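The values are calculated or read from the model by the stated rules, or taken from the named source; none is laboratory data. Note that this is a predicted model, so its numbers are computed, not measured. Counting neighbours? That spans all protein chains shown, and the Cβs are built from the backbone with ideal geometry, glycine included.
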Amino acid sequence: MIRLEHVTKTYKGDVVALRDATLEIEKGEFVFLVGASGSGKSTFIRLLNREEVPDAGRIFVAGKDIGALSPWKVPFLRRNIGCVFQDFKLLSNKTVFENVAFALEVIGRPRQVIRTQVPAILELVGLGDKASRFPHELSGGEQQRVSIARAFVNRPLVLLADEPTGNLDPATSVGIMRLLDRINKTGTTVVMATHDRGIVDTMRRRVIELDRGSIVRDQARGVYE
Amino acid sequence: MAIKLDYVIRETGSNLARNITITIASILTVMVSLFLVGFSLMVSQGVRNATERWQEGVEFVVFMNADATEEQISSVRADLESSPEVQRVTFVDKSEAYEEFKRLFSDSPELVDSVTPEILPSSFRVEPVTKDADVVQALGNQFQKRPGVLKVVFASDTIRLIQQLSSRLTIGMAVVAVILLGAALLLILNTIRMAMFARRREIEVQKLVGATNWFIRVPFMVEGLVQGIVGAAMAIVMLVVFRPFFESWLPEDEFPLFSALTTSSVEAFWIYVVIGVVGCLIGTIGAGVAVTRFLDV
């Protein structure tokens with residue numbers, strides 16, 4: 001599903017964010033990216049979403065070389081990739097329903113589809129009764145569920161999560177992880193960057209550790225360190 | 001994927017409403033600048049129409065009687081052409097006079113219908129060697145009493161003054177209009193930039209979930225276009241209201257035959273078309289520049 005071949009990414013000022021990274025992630029895998037701040041986890045995520053383009057090497061997502069993708073095709077790549085962030089990125093002037101519907105609207109889904117799919121996905125993330133609330137009326141965990149619903153409503157092949165539990169307390173984080181696990185069980189590949197030792201050690205999934213841009217560990221059923 | 005019309009209307013509407021004061025400012029600037037463009041076009045066209053026979057150098061016109069004989073006309077012509085004080089003579093015959101009449105009064109078909117080439121006077125437009133008023137006056141008066149001559153009409157100081165003023169006025173207004181159009185362009189650019197800034201989170205999310213670049217751009221482009229079109233429409237309305245006022249501008253006695261400073265409906269229509277097109281262009285260019293420069297998609 002995802003393959004990196006000797007990928008290097010350097011930012012201005014010679015900061016090496018990713019150095020000669022080669023790895024493969026199979027369809028349906030659940031992968032943790034761990035490492036200290038500045039180790040390249042976010043760059044890894046941004047490269048997969050093509051917010052960044054590698055300086056060297058090639059990245060394949062769903063069989064396509066996304067470094068060679070022409071810019072007008074990027075939106076269509078992103079429709080196959082869901083994204084979840086630490087700060088949720090919800091639109092505060094839209095209700096829960098509208099926030100999720102937005103993801104379908106902007107890719108031109110018919111209103112009929114939106115009316116059936118949005119309530120279904122809100123039910124899945126456990127917010128069936130909060131469709132008409134605004135984000136500020138929800139707890140952090142609930143807001144993250146909305147953002148997961150938005151990322152997943154389009155049934156992407158890959159779900160990228162950049163520290164999705166970074167702003168949440170441990171109990172709430174467990175709920176979010178259960179949700180990501182359920183999404184993973186539907187066959188969606190999940191790549192999650194995290195600092196949360198407890199989660200990684202409990203889930204026992206594949207762990208890729210980055211240190212100053214280099215992959216220093218790639219362990220099946222791994223632990224945080 | 002087609003971009004839905006209701007989406008574009010909704011987004012454009014909320015963008016316009018969000019920055020209502022700046023939007024009004026840019027629409028008004030477009031309006032004022034296009035009004036000035038139209039105003040100067042109308043004035044210069046009107047002056048051109050009204051002073052058509054007083055082209056540069058023509059100092060007096062000898063009108064012949066409508067029933068003047070060939071001999072009378074050719075005798076006047078021979079004297080004019082042989083006079084050392086005359087540089088150039090242009091003869092306007094009845095049918096040419098009729099064509100000019102038809103063109104200038106195309107707004108009043110009943111007036112044109114009531115006139116035939118036969119009843120219009122033919123005339124000589126005379127460019128003397130010198131512009132000295134006394135010499136010109138003396139030269140013209142020689143023909144005043146000739147058989148077959150209806151009247152000698154001199155290019156008065158008033159006409160020259162109007163021609164001069166109108167050309168300066170036109171240039172001055174054109175300069176001001178260009179500056180204002182530039183200001184309008186920048187204001188439109190800025191409203192769109194602000195609209196994009198206000199919506200930066202939405203744009204970020206749109207990109208995240210795979211909206212195409214055009215999907216994100218179009219509402220902003222339409223916003224600029226709307227500002228240009230609304231400004232142009234208001235300028236046109238103002239010109240329509242002001243147009244009758246231009247038409248009774250000049251003192252009747254200075255222009256014995258074609259008195260009013262008029263533009264025909266056809267000419268006015270083309271001026272409106274020019275203004276509409278310029279309005280659309282300003283809006284589209286402003287929006288296009290803003291979208292490509294400030295929307296990092």
(Q) Name the single residue that is surrounded by the most Cβ atoms within 10 Å (Cβ to Cβ) among those in the range B:183-217 being within 14 Å of chain A (Cβ to nearest Cβ), in contact (Cβ under 8 Å) with a residue 24 or more places away in the chain and among the aliphatic types (A, V, I, L, M). (A) B:ILE216
Q: For the range B:1-13, name all the residues that are modelled with pLDDT of 75 or more, within 14 Å of another protein chain (Cβ to nearest Cβ) and surrounded by 15 or more Cβ atoms within 10 Å (Cβ to Cβ).
A: B:TYR7, B:VAL8, B:GLU11
Q. Which condition does A:GLU163 not pass, out of (1) farther than 27 Å from B:ILE203 by Cβ; (2) touching a residue at least 60 places away in the same chain (Cβ under 8 Å); (3) of a type in the set (D, E, K, R), if it passes all the others?
A. (1)
Q: Would you be able to say whether some residue in the range A:202-212 is over 19 Å from A:LEU48 (Cα atoms) and touching a Phe, Trp or Tyr at 6+ places or on another chain (Cβ under 9 Å)?
A: yes
Q: May I ask you to list pairs of residues, at least six apart or on different chains, whose Cβ atoms are under 8 Å apart, with the first in the range B:54-76 being at positive phi and the second being modelled with pLDDT of 75 or more?
A: B:GLY57/B:GLN87; B:GLY57/B:ARG88; B:GLY57/B:GLU127
Q. Could you count how many residues in the range A:94-110 are facing chain B (nearest Cβ under 9 Å) and over 15 Å from A:ALA149 (Cα atoms)?
A. 3
Q: Filter the range A:103-125 for residues that are over 24 Å from B:THR212 (Cα atoms) and not in a helix (DSSP H, G or I) and give the result.
A: A:VAL125
Q) Here are some conditions: (1) surrounded by fewer than 21 Cβ atoms within 10 Å (Cβ to Cβ); (2) modelled with pLDDT of 85 or more; (3) more than 12 Å from chain A (Cβ to nearest Cβ). B:LEU239 meets all but one. Which one does it not meet? A) (1)
Q.
Residues to consider are A:GLU123, A:GLU163, A:GLU142, A:GLU209; find the one that is away from every other protein chain (no Cβ under 14 Å), over 18 Å from A:PHE32 (Cβ atoms), surrounded by 15 or more Cβ atoms within 10 Å (Cβ to Cβ) and out of contact with any helix residue (DSSP H, G or I) (no Cβ under 6 Å at 6 or more places or on another chain).
A. A:GLU142
**Q.** Tally, over the range B:127-152, of residues that are out of contact with any helix residue (DSSP H, G or I) (no Cβ under 6 Å at 6 or more places or on another chain), among the β-branched types (Val, Ile, Thr) and surrounded by 19 or more Cβ atoms within 10 Å (Cβ to Cβ)
**A.** 1
Q) Which ones in the range A:1-58 are part of a loop (DSSP other than H, G, I, E, B) and under 22 Å from A:ILE183 (Cα atoms)? A) A:MET1, A:GLU26, A:LYS27, A:GLY28, A:GLU29, A:ASN49
Q: With a cut-off of at least 3 residues that are farther than 30 Å from B:GLU267 by Cα, name the helices (runs of 4 or more DSSP H) lying wholly within the range B:46-150.
A: B:70-82, B:133-144
Q) Can you tell me which of A:ARG115, A:ARG58 is more than 11 Å from chain B (Cβ to nearest Cβ), of a type outside the set (A, V, I, L, M), more than 20 Å from A:LEU159 (Cβ to Cβ) and out of contact with any helix residue (DSSP H, G or I) (no Cβ under 9 Å at 6 or more places or on another chain)? A) A:ARG58
Q: Answer with yes or no whether A:LEU159 is modelled with pLDDT under 95 and either in contact with a Gly (Cβ under 8 Å, 6 or more places away or on another chain) or in a helix (DSSP H, G or I) (or both).
A: no
Q: Would you be able to say whether some residue in the range A:63-83 is more than 13 Å from chain B (Cβ to nearest Cβ), surrounded by 16 or more Cβ atoms within 10 Å (Cβ to Cβ) and under 13 Å from the mean Cα position of the chain (by Cα)?
A: no
Q. A:ASP87: surrounded by fewer than 18 Cβ atoms within 10 Å (Cβ to Cβ), of a type outside the set (Val, Ile, Thr) and within 14 Å of chain B (Cβ to nearest Cβ), yes or no?
A. yes
